[in-house]
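Asks: Have a look at this one.
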Amino acid sequence: MANLLLIDDDQDILDSLTMILEGNGHTVAIKRDTDNLLDAVKTIHPDLIILDIMLPEDSQAGFKAARLLAKDEETEKIPILILSAVNQRSNLSFTFSEFDINTEFMPVAAFIEKPVEPNVLLKRIDQLLFPS
Amino acid sequence: MTAWLPKDRNKWLDCTSDLCNDSLHTEKLLERGAWFIQTRWKAAGICLAGALWLHLPPLQHTPGFAIDFRYLLIVGLLLVASNLIYAHLARRMADQGPTSKKLCRLLGIQVLTDFMNLSILTYGLGGVETPILILFLPHIILSTLFFSRVHSFIMTWVGIFFATLPIVLEYLGVVSTVSVFDSAHKITIISSNPTITTSYLLGIAAGMLVCWYLVSDITAILLLRERQLEQALDQLNLLDREKSQVTIRATHELKAPFAAIKSYVYTLRDGYCGPLPEKAQQVVQRIGDRCDLLMAKITDIIHLSNLRTMTPSHTRLTQVDLNAIVAREVEDAQLIGTPRGIAIHYQSEPFACPIMASKELLATMSSNLLRNAVNYSHDGGMVEVSLETTPGMVTLQIEDHGIGIPEEHLERIFEEHFRSNNAVHFNPNSTGMGLALVREIVRLHDGALSVTSQLGQGSIFTVTFAQSH
């Protein structure tokens, strides 16, 4: 099972996802903001990061965090799974979807919209951790 | 004339102290520079053709005429030579990433050499004997478009200098008088009488200055308007971006609590908090369903209100392959169809169907139509999807064999929140917004949307877009 890092400002999301993930044998570390992210990631050594996009201090904090992690040699290979409540298809100037995943703008491995069915989330994590 | 001028004209004058007309962006200057070079090729062609024509025997022997073709030939060749250099410099500048200043300098040199060529032509074609001096005026007009007001004024004086130079030199006897007529018809009075010569020179100068004054004033007004329009457009874009950010934030703030509730519902439903009695499981399931519906409604209402404020020009269109988008959405819709035994049969074109569209919006449109077809199909039913291209058009058709739409409701199904009674009974969990979203998306793409249906037999939705080449 894997060592996962959950980054989200919503304590209820963190608690419920922790229940689901720990219930399936994963180890979960949580972080409620993106402050000192690189240090935290280098300390925790997660196998995968589940990252929210819109945090209270910055509506694009998740993007910035993903780009920061992608630029660091120690963290660039850690797969990032975006988990956001924003409708991925609203086609507004600052929204995003799986179509936008790329190494420059959105250097992440996958995108899932909140709330997510536990089975869908667990399957996606498995796919990212053990790509066949 | 001053009544035309905008009140803040001085402000405009203040900000044009640079060589360039600062309202012109590099891109525009590049375009105008390219046009200027193209036009000069035509002028060179006319000069060379004129020289050839003058050299032909019929005109050579026309009584009264004695035009020297060599001046046209020289100017034609000079234009060709100079234009080769300008075209090369412009290309090099474009490759290196030009600045407005560099482009304006190149344009300035071009106008200057054109004045010199025109001066030679004026001399060679007899000065006042032909209307050749008129050709100085387009360059004055172009100067007001290319350069700042001060610099176009200086350019006008340079033009006056070159326009009057042949007459002055002839008057001073520095060069011999050239005429297009033979000695019997030659006009010599202007280059021999000091009063007439002075008056003529002043007339030329006055004419060119008046031309500069009128055109530069009009240009100033037009450029000011252009700048105001650009500022208004920037302001609109800024407001649009702010509106988008507010909308996204609002969507997030409204959806996030429901996402958290739903996440807890999952933990209860799936037994992560221990086993639940059957009744409690049913209640939890219903809480979850209402959560889903409310979240979907919030998203659809915000999405629809956002689409309604957009115009086709607001939509970010790129060339997309409708075939690929529909194929992907068919796969997704099949996921909700499979548990009910509903099959989706997609008959696609064997090649890409390119249209100018927003990929996300077309995905939303296709998804809504497909999910609609699945949701209102009977268990074990079939949904047929086809994509056809006809010359210039791409047509998507989605046919179900489900409950159908009562005829009296066909016109209302694209209204938001409207749901016919048979639809509510068959599928209570729908936002009633899906088809309203589809209609808005089709409108934003200048497409056509139609529906035919028979109650109890099924419905066919057809969307047509212009094909992109």
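Asks: Largest first and in whole Å, give the semi-axes of region A:1-50's equivalent ellipsoid, each being the square root of 5 times a Cα gyration tensor eigenvalue.
Replies: 17, 14, 5
Asks: On alpha-carbon atoms, Rg over Rh for region B:314-466 using Kirkwood Rh?
Replies: 0.95
Asks: Separate question: Whole percent per 10 Å bin, from 0 to the bin with the longest distance: what is P(r) over all C-alpha pairs of region B:306-348?
Replies: 23, 30, 29, 17, 0
Asks: Here's another thing I want to ask about it. Work out the length of the dipole vector of chain B about its Cα centre, built from +1 on the beta-carbon of each Lys and Arg and -1 on the beta-carbon of each Asp and Glu, and round it to the nearest 20 debye.
Replies: Dipole magnitude for chain B comes out near 1260 debye.
Asks: Does a label point 7 Å from the Cα of B:C273, set along Cα-to-beta-carbon, have any residues of region A:16-59 with amide nitrogen under 20 Å, and which are they?
Replies: Only A:16-25 pass the distance filter.
Asks: Using only helices, what value at 222 nm comes out for chain B when you add -39,500 (n - 2.57) per DSSP H run of length 4 or more and divide by the total residues, to the nearest 500 deg cm²/dmol?
Replies: Helix-only estimate at 222 nm: -21000 deg cm²/dmol.
Asks: Towards the positive end of the charge dipole of the protein assembly as shown, with charges on Cβ (+1 Lys, Arg; -1 Asp, Glu), say which of B:H303, B:C273, B:S459 has the farthest Cα.
Replies: B:H303
Asks: A follow-up question, please. With r as the distance between the Cβ atoms of B:L238 and A:E57 and R0 = 30 Å, compute the FRET efficiency 1/(1 + (r/R0)^6) and round to 0.05.
Replies: E between A:E57 and B:L238, to the nearest 0.05, is 0.85.
Asks: Also: If you stretched the chain out fully between B:T195 and B:L56, how much longer would it get, using 0.36 nm times the residue separation minus the C-alpha to C-alpha distance?
Replies: 46.2 nm
Asks: So, counting K/R as plus one and D/E as minus one, what does the shell of residues with Cβ under 11 Å around B:L103 add up to?
Replies: Once positives and negatives cancel, what remains is +3.
Asks: Please state the charge dipole magnitude for chain A, taken about the Cα centre, from unit charges on C-beta atoms (+1 on K and R, -1 on D and E), reported in debye and rounded to the nearest 20.
Replies: 320
Asks: Given a Förster distance of 56 Å, report the FRET efficiency between B:E331 and B:R225 from their Cβ-Cβ distance, rounded to the nearest 0.05.
Replies: Computed FRET efficiency for B:E331 and B:R225: 0.60.
Asks: Now, a different point. Could you calculate the FRET efficiency of B:L112 with B:Y213 from 1/(1 + (r/R0)^6), where r is the beta carbon distance between them and R0 is 25 Å, rounded to 0.05?
Replies: Efficiency, from the Cβ-Cβ distance: 0.75.
Asks: Using a Debye calculation, one point per C-alpha and no hydration shell, please list log10 I(q)/I(0) for the protein assembly as shown at q = 0.06, 0.08 Å⁻¹ in order.
Replies: Taking Cα atoms of the protein assembly as shown as identical point scatterers yields -0.56, -0.78.
Asks: Hey, can you grab everything whose amide H is under 5 Å from the amide H of B:F147? Only 5+ residues off in sequence or another chain; H modelled, so Pro and N-termini drop out.
Replies: Residues meeting the amide H criterion: B:N21.
Asks: Taking the dipole about the Cα centre of chain B, with the C-beta of Lys and Arg at +1 and of Asp and Glu at -1, give me whichever of B:P98, B:V175, B:L145 is farthest to the positive side.
Replies: B:V175
Asks: Given N residues in chain B, what is Rg(Cα) / (2.2 N^0.38 Å)?
Replies: Output field value: 1.61.
Asks: Let me ask another. Could you work out how far apart the two model spin labels at B:E253 and A:L68 are, taking each label as a point 7 Å from the Cα in the direction of the beta carbon, and quote it in nm?
Replies: If labels sit at B:E253 and A:L68, their model points lie 2.5 nm apart.
Asks: While we're on this one: Could you pull out every one of the lysines with an alpha carbon less than 18 Å from that of A:K64, ignoring same-chain neighbours closer than 8 positions?
Replies: Partners within reach: A:K31, A:K42, A:K77.
Asks: Roughly what percent of Cα-Cα pairs across region B:94-249 reach past 27 Å?
Replies: 43
Asks: Same structure, new question: Which three numbers, in whole Å and largest first, are the semi-axes of the equivalent ellipsoid of region B:178-287 derived from its Cα gyration tensor as √(5λ)?
Replies: Equivalent ellipsoid of region B:178-287: 91, 15, 7 Å, largest first.
Asks: If the only charges are +1 at each Lys and Arg Cβ and -1 at each Asp and Glu Cβ, what is the size of the charge dipole of the protein assembly as shown around the Cα centre, to the nearest 20 debye?
Replies: 2020
Asks: What ratio of Cα Rg to 2.2 N^0.38 Å holds for chain A?
Replies: 0.97
Asks: Report the relative contact order of chain B, percent, no decimals, based on alpha-carbon pairs under 8 angstrom and at least 6 residues apart.
Replies: Relative contact order here is 11 percent.
Asks: What nm distance separates the two modelled labels at B:T130 and B:K42, each placed 7 Å from Cα along Cα→Cβ?
Replies: 1.9
Asks: Along the charge dipole of region B:382-469, which of B:G402, B:P391, B:S420 sits closest to the positive end, that is, farthest toward it, with unit charges on the beta carbon of Lys, Arg, Asp and Glu (+1, +1, -1, -1)?
Replies: Farthest towards the positive end: B:S420.
Asks: Quick one, could you list the DSSP H helices from chain B stretching 30 Å or more along their long axis (Cα atoms) with average Kyte-Doolittle hydropathy of -0.5 or above?
Replies: B:26-55, B:69-96, B:100-124, B:149-172, B:194-269, B:278-308
Asks: Quick one: length gained pulling B:S450 to B:S386 fully straight, 0.36 nm per residue minus the C-alpha distance?
Replies: Additional length available on full extension: 21.6 nm.
Computed from the coordinates by the stated procedures, all read-outs in this text should not be read as laboratory data. Keep in mind that this is a model prediction, so the values were computed, not measured. When we count neighbours, we look across all protein chains shown, and the Cβ atoms used for this are built from the backbone with ideal geometry, even at glycine.
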